[in-house]
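Q: Quick one: structure below, then a few questions.
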Amino acid sequence: MSKYDPARIEAKWQKKWLEGGIFRADDGSRKPKYYQLETFPYPSAAGIHMGHPKGYTAEDIHARYMRMRGREVLYTMGWDAFGLPTENYAIKIGKSPKEVAAENIDNFRRQVRLLGLSYDWDREINTSSPEYYRWTQWLFIKLYKKGLAYRAKARVNWCPQDQTVLANEQVIEGKCERCGALIEEREMEQWFLRITAYAERLLAGAKGLGWPAATVKRQEDWIGKSEGALLGFPIADFPESIEVFTTRLDTLFGATYVVLAPEHPLVGQLKPKIANWKEVAGYIEEASHKTELMRQEAAKEKTGVELKEVRAVNPATKEEIPVWIADYVLGSYGTGAIMAVPAHDERDFEFAKKFGLPVKQVVCGRYPEPVCPVLDAAYVGTGRLVGSGKFDGMDSEEAKKAIAEFVRGTMKTQYKLRDWSVSRQRYWGAPIPMIHCPKCGIVPVPEKDLPVLLPELENYRPRGMPPLAGSPEFIDVKCPECAGAARRDPETLDTFVDSSWYYLRYADPRNEEAIFDKEKARRWLPVDLYVIGAEHTVLHLLYSRFITKFLHDEGYLAFDEPFTNLRHVGLILGADGQKMSKSKGNVVNPDGLVKEFGADVVRLYLMFMGPFEDAHPWEPKGILGMERFLSRVWKWGERAVAAPSGENAPAVHKAIKKVGGDIERFKFNTAISTLMILLNDLEAGDRPVREDAESFIKMLYPFAPHLAQELWSLGGHENCLDREPWPSSDSALANAEKITLVFQVNGKVRGTAEADAAIGGDEAKALALGDPKVRAALAGKEPQKVIYVEKKLVNIVA
RNA sequence: GCUGGGGUGGCGAAAUGGCAAACGCACCGGCUUUAGGAGCCGGCGCCGAAAGGCUUGCGGGUUCAAGUCCCGCCCCCAGCACCA
C-alpha cells in the first residue's frame, strides 16, 4: 500500500494530458458542442490569487463532466493583457509594458497549469498581440463605417493620476476605478461608440437569457428606459421656450415652476432679462466646480436660484410661473430642464418647501375627495385628476395621453445609458486605427494595412499628451486617400473594447484572414455557459452584447446574444473578511497550497467552502478535511479497484444521480458531501466491489482529476477518464428496499420505524397506531384524522 | 432613499411544505503510536440527572405539518444613487 502523493501523480498526469492533446476542442467532431467560458484574467504582476482558481475549478469540473456526458467541449484560456496597471508598473520598474505583460502572462500560465485545468491550450489568445488587436482595430473600423464610432467633444471623466479619460462605468463614487484618484470633468474631443443606438435591443434581449435575475435587472437599470413626453413651456416676452421631459404629463396642471440645470444654454441667452444675474452667475460658477462626488454629498440639501423677472407659461393652465436654476436637475439627462410638480415629486416637493414655492395637488389617490388634503409629502402614486380643468376625474394613465394631445407634447423614450467613451490617452492598448488628414478629415486605416502596430517607445510616461503623440515615426503618415501628410490618431482603445469580443475569437483563434470563420462560429457559438465575477454585471456584459448584436447585423453571426447562460462566482475574501488586495496585505496565493496539499485538495476545498455564488473569507484550516478525504479515497481506492466484480450498490446509483444534478446546478459543495457520504458507506461495507470503485472514481474525476485518473490506471485502464461516459444511474436500483417511516402525533415526531419500501398506506397507518410512543402521546385520545405521506411519514391528528 | 440578496450550532453550511442542523472544520473523550499538526472509534444546538421539553432574526397568519408559503417589523450585505 502506498501513500497518497499528489506531487508525484499530478505532474505526471498534467504532462500526459498536455502532450496527448486530450482537451483539444475538435472542430470536426460530430458530438454536440458545448462552449464554456470564463472571464479571461488580467495578468497582473502579483500573479493569481485564491479567487481565480475558484471560478476556474468550477468551470473545469463542469467541462470534464460535460465531456463525460458526450459533449465536444470548447474550453480555453486567454489573457486580457492590455491596460493601465501593467503600463504603470512597467514605468515604475523601468521596463517596457510589452516585456512586463509577457512575464506576467508566463507567470499566470504557470500558476494556472498547476491546477490541472482541462483547457485547450492551442486556442490561447492574448489581446495585446498584433494577431489579436488587428481584429480589435478591424472591429473599430467596421463600427466607424456604420456610423457607430464617432468623434465628439464632450464632458468626460478625467483621471488626473492616470492622465486618461474613463468611461462612466469606470468611475466609482466619483473616483477612478483603477487608482482611486478623484475624477475631474473635462471638455475633450473623444472617440465614442454609439451603444445608445442599441439601447432598446439591449433591453429587450436581456429578458430571455438564462442569467441571474439580479444581473438582468442591473442591465435594465443601467439602460434606464423611461417613457414620457417632451413639451415646451413658453417664456413670457421671449422668443424661445423651455423644453422639458416628463414621465408624468398627468400632473402638468400642478407644475408650479420650471427648473433648468445650471449649465443649460438658455440661461446665457436669458442673461439680459435676468434681474439678479450676479447671483445667478455665482451659482453657475459654484456648480461647475462641484465634482460628481460633492454633488452627491450635497444631495441631501437642495440649492438653487430663481431667475428673477423670467417667467415661463404653463401650457395647460396658461399661468405664468417662476423659473429657477438648480443642480438637482442634471444637464446631461433629458433636456436639462424640468417642469416641477412639487405635489407629486419628492425632489420638487423638498425644493418647493425650502424656497416657499406653491404646492398644488392635481392627482388624488382616493377620488372624489371633498377637499384634497394639505400634503405633508409628495404623492407620487397614480389616481384621478383634480384641479385640472376638463381633465378632472380622469385616470392618471388616460390623462397622460389626453393632456399630451391637449398641449401638443411629443411622446419620447429616454434612456440613462450614454455612449461609450473609448479613447484612452495612454500607451498600452490597441492604437486607434484612424488617420487625421488636413484635407480629407478623418480617414480609417485601410484594412490591408492592419494591424496598426503599437511601437516601442523610449518613454511611456504620459506628459499631458498621449505617449504615442510624442513618436514622429508613429504619428507621421501619408493619408490613404490623398497621399498628403497626415497624422495617426495618438490614442489607444479602452481595454473593454478588447474584451468585448474575445469569446468570438476562441472559436477560431488563429485565423489571419478574418476575425473568425463563419462556419467555425456557427460550430461553437454562442457561449453556452459563462462564469464571471458579479462585479462585471454591467460593463463588460453590456459591451459584449452590443458588439455581438452589431456583428449579427453585419451578417457575421447568426445569433445576437453572446452568452446563453451565466453564473456568478462569489469572491474569496481575505482572512479578515475584506476583499483581497495588495495594499491590505491579505492576498492568498494558491502556489504554496498546491505545493503543500496538491491541486486536487485545493480544488476540492474551494468547491466545498459553500455555495458557489457566495463570498467566503479564506479560512485555511478546513483544507485538512479535504486532505483527509482524498487520503481515504486513495487508501480505499487502491484496494477496491482490484476487488472482485459485482453490481453497483443502491447507494452508488443514488449518488450518481445526485452528483450529476449538483454539477449541472453548480452545487459543488453538496456534490462533494455526497461523495463523502458515499465513501463512508462503501468503506463500511463488508468487502469492496470493483464496479462501485469505478463508479466512484468516475464521479470523483471532475473534482479531483489527477487522483481519479491515477486510481483508474491502477485499476488496469489505459484510457483517459475524460473519454469515459458518466456512469448511469438506475433509478429502480437507487431506491433501497428499506425505508424509515416517521410517526407524528399532531405534527410532532413521536417515533420512527423501518419498513418495506413497498408498504401500503393502511399498513403504515396501522404500524404508526401500534407504536408504543405514539400510543403514549395519544394518551387514549381518538385519532380524528390520519395522514400518510408515501414512503415518508404518518401524521396522526387527535 | 430605491432595487436585489440574505439572517439556521463555536465556524463554513445542508434541508422537492414532511425526522432542522446532513457533510466538513474546530473542540472534547478513548484506542493506537518512540512521537504527532498522522490514523481509527465515539461525543458535540439549548435546558434537563433522566424522561422529556425548547430551538432556524422578531411578531402574527395559512396548513394535519412551516427554516421553507403569506402579512408586518428589525438587522446585515451588495448594487444604484437627485435620471424628472
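Q: Just to verify a number: FRET efficiency for A:ALA615 and A:GLU473, C-beta to C-beta distance, R0 = 41 Å, to 0.05?
A: 0.25
Q: How many percent of all Cα-Cα pairs in region A:1-149 sit more than 28 Å apart?
A: Pairs farther apart than 28 Å: 34 percent.
Q: In the calculated pair distance distribution of region A:165-275, what percentage of Cα-Cα distances lie above 20 Å?
A: For region A:165-275, the fraction of Cα-Cα distances above 20 Å is 67 percent.
Q: Can I ask one more? Based on alpha-carbon centroids, what's the gap between region A:109-124 and region A:74-90 in Å, whole number please?
A: Taking the Cα centre of region A:74-90 as reference, the centre of region A:109-124 is 16 Å away.
Q: Another one. Taking the alpha-carbon set of region A:58-142, what are its Rg and Dmax in Å?
A: 16.2, 51
Q: At a 10 angstrom cut-off on C-beta neighbours, averaged per residue, how do the peptides A:352-360, A:565-573, A:457-465 rank from highest to lowest?
A: A:565-573, A:352-360, A:457-465
Q: Ok, one more. Relative contact order for chain A: what is it in percent, counting Cα pairs under 8 Å that are at least 6 residues apart?
A: Rounded, it is 15 percent for chain A.
Q: Would you mind checking which residues have amide H under 5 Å from A:GLN190's amide H? H placed 1.01 Å from N; only 5 or more apart, or other chain.
A: Here A:ALA152, A:LYS153, A:ALA154 satisfy the definition.
Q: List the equivalent ellipsoid semi-axes of region A:75-117 in whole Å, largest first, each obtained as the square root of 5λ for an eigenvalue λ of the Cα gyration tensor.
A: For region A:75-117, the semi-axes come out at 23, 11, 7 Å.
Q: Setting aside same-chain residues fewer than 8 positions from A:LYS773, which lysines have a Cα under 26 Å from its Cα?
A: A:LYS738, A:LYS748, A:LYS765, A:LYS781, A:LYS785, A:LYS791, A:LYS792
Q: Can you give me the relative contact order of region A:1-119 as a percent, contacts being Cα pairs under 8 Å and 6 or more apart?
A: Here the relative contact order equals 35 percent.
Q: Taking all pairs of different Cα atoms in region A:548-695, averaging 1/r and flipping that mean, what Kirkwood radius in angstroms comes out?
A: 18.4 Å
Q: Hey, what's the per residue convex hull volume over the C-alpha atoms of region A:640-798, in cubic angstrom?
A: 132 Å³
Q: Between A:ALA514 and A:SER673, how high is the FRET efficiency from 1/(1 + (r/R0)^6) when r is the Cβ-Cβ distance and R₀ = 41 Å? Nearest 0.05.
A: 0.30
Q: May I ask you to list the aspartates and glutamates whose Cα is less than 14 Å away from that of A:LYS654, ignoring any residue fewer than eight positions away on the same chain?
A: Within the straight-line cut-off, A:LYS654 pairs with A:ASP662, A:ASP681, A:ASP692, A:ASP730, A:GLU737.
Q: Express the relative contact order of region A:576-661 as a whole percentage, based on alpha carbon pairs under 8 Å and six or more residues apart in sequence.
A: Relative contact order here is 24 percent.
Q: Pulled fully out, how much extra length does the chain show between A:VAL749 and A:CYS179, if you take 0.36 nm times their separation in residues and subtract their Cα-Cα distance?
A: Full extension of this stretch gives 199.2 nm more.
Q: Could you tell me which of rounded, prolate or oblate describes region A:614-716, using a ≥ b ≥ c as the square roots of the eigenvalues of the alpha-carbon gyration tensor, with rounded for a/c under 1.5 and, failing that, prolate when a/b is larger than b/c and oblate otherwise?
A: Cα axes put region A:614-716 in the prolate bin.
Q: Can you pick out the pairs among A:LYS478/A:LYS549; A:LYS416/A:LYS549; A:LYS3/A:LYS579; A:LYS16/A:LYS595 whose Cα atoms lie more than 27 Å from each other?
A: Correct reply: A:LYS478/A:LYS549; A:LYS3/A:LYS579.
Q: Okay, moving on. May I have the extent of the alpha carbons of region A:544-598 along their three principal axes, as whole Å values ordered from largest to smallest?
A: Cα extents, longest axis first: 51, 27, 17 Å.
Q: If you don't mind, there's one more thing I want to ask. Would you please state which residues of region A:182-206 a label at A:ARG155 would reach in this model, taking the label point 7 Å out along Cα→Cβ and a backbone N cut-off of under 13 Å?
A: So the set is A:184-188.
Q: If you don't mind, there's one more thing I want to ask. What dipole magnitude, in Debye to the nearest 20, does region A:697-798 give about its Cα centre under +1 on Lys/Arg Cβ and -1 on Asp/Glu Cβ?
A: Dipole size: approximately 800 debye.
Q: Using Cα centres only, tell me the gap between region A:601-644 and region A:224-259 in whole Å.
A: Result: 65 Å between the Cα centres.
Q: What's the carbon and sulfur percent of chain A's accessible surface, probe 1.4 angstrom, rounded to a whole number?
A: 51 percent
Q: Could you report region A:141-202's accessible area per residue, 1.4 Å probe, as an integer in Å²?
A: 48 Å²
Q: Right, another one. How large is ³J(HN,Hα), in whole Hz, for each residue of region A:426-433 in order, when computed from phi with the Karplus curve 6.51 cos²θ - 1.76 cosθ + 1.60 and θ = phi - 60°, using x for Gly and Pro?
A: For region A:426-433, the Karplus-derived couplings read 10, 8, 7, x, 6, x, 6, x Hz, x marking Gly and Pro.
Q: Set Lys and Arg Cβ to +1 and Asp and Glu Cβ to -1, take the dipole of chain A about its Cα centre, and tell me which of A:GLY660, A:TRP121, A:ALA337 lies farthest positive.
A: The Cα lying farthest towards the positive end belongs to A:GLY660.
Q: Along the Cα-to-C-beta direction of A:LYS12, a point sits 7 Å from the Cα; which residues of region A:695-720 have their amide N less than 18 Å from that point?
A: Only A:697-698, A:701, A:704-720 pass the distance filter.
Q: Which value in Å does the Kirkwood hydrodynamic radius of chain A take, with 1/r averaged over all unlike C-alpha pairs and then inverted?
A: Answer for chain A: a Kirkwood hydrodynamic radius of 31.5 Å.
Q: Compute the helix-to-body angle for A:650-664: its Cα long axis versus the longest principal axis of chain A, expressed 0 to 90° and rounded to tens.
A: So the helix axis and the longest Cα principal axis differ by about 20 degrees.
Q: Count the DSSP beta bridges whose two residues both fall in chain A, then state the antiparallel fraction as a percent rounded to the nearest 5.
A: If I count the DSSP bridges inside chain A, around 75 percent turn out antiparallel.
Q: Between A:ILE442 and A:GLU718, how high is the FRET efficiency from 1/(1 + (r/R0)^6) when r is the Cβ-Cβ distance and R₀ = 51 Å? Nearest 0.05.
A: That gives a FRET efficiency of 0.25.
Q: Once a ≥ b ≥ c are taken as the square roots of the eigenvalues of the Cα gyration tensor of region A:316-412, is the result rounded (a/c under 1.5), prolate (a/b larger than b/c) or oblate (a/b not larger than b/c)?
A: Oblate is the answer for region A:316-412, as a/c is 1.5 or above yet b/c matches or exceeds a/b.
Q: Okay, which of region A:714-744 sit inside 20 Å, backbone N to the point 7 Å along the Cα-Cβ direction of A:LEU769?
A: Answer for region A:714-744: A:741-744.
Q: Need the list of aspartates and glutamates near A:LYS400 for cross-linking: C-alpha distance under 18 angstrom, and skip anything on the same chain fewer than eight residues off.
A: A:GLU227, A:GLU243, A:ASP250, A:ASP345, A:ASP392
Q: Put a dot 7 Å past each Cα toward the Cβ at A:GLU131 and A:GLU683; how far apart are the dots in nm?
A: For the pair A:GLU683/A:GLU131, the computed spacing is 4.9 nm.
Q: Separate question: With the Cα gyration tensor of region A:393-439 giving a ≥ b ≥ c as the square roots of its eigenvalues, does the rule (a/c under 1.5 for rounded; else a/b larger than b/c for prolate; else oblate) give rounded, prolate or oblate?
A: Prolate shape, in that a/c is at least 1.5 and a/b is the bigger ratio.
Q: Between A:ASP106 and A:LYS635, what is the spin-label point distance in nm, taking each point 7 Å from the Cα along the Cα→C-beta axis?
A: 4.3 nm
Q: Distance in nm between label sites at A:LYS785 and A:GLU458, each 7 Å beyond Cα in the beta-carbon direction?
A: Placing both labels 7 Å along Cα→Cβ, they lie 9.2 nm apart.
The values are calculated or read from the model by the stated rules, or taken from the named source; none is laboratory data. Model, not experiment: these values are computed from the prediction. Virtual Cβ from ideal backbone geometry, glycine too; neighbours counted across all protein chains shown. What goes into the accessible areas is simple: the full protein's heavy atoms, side chains included, and nothing from ligands, DNA or RNA. Shrake-Rupley method; radii C 1.70, N 1.55, O 1.52, S 1.80 Å.
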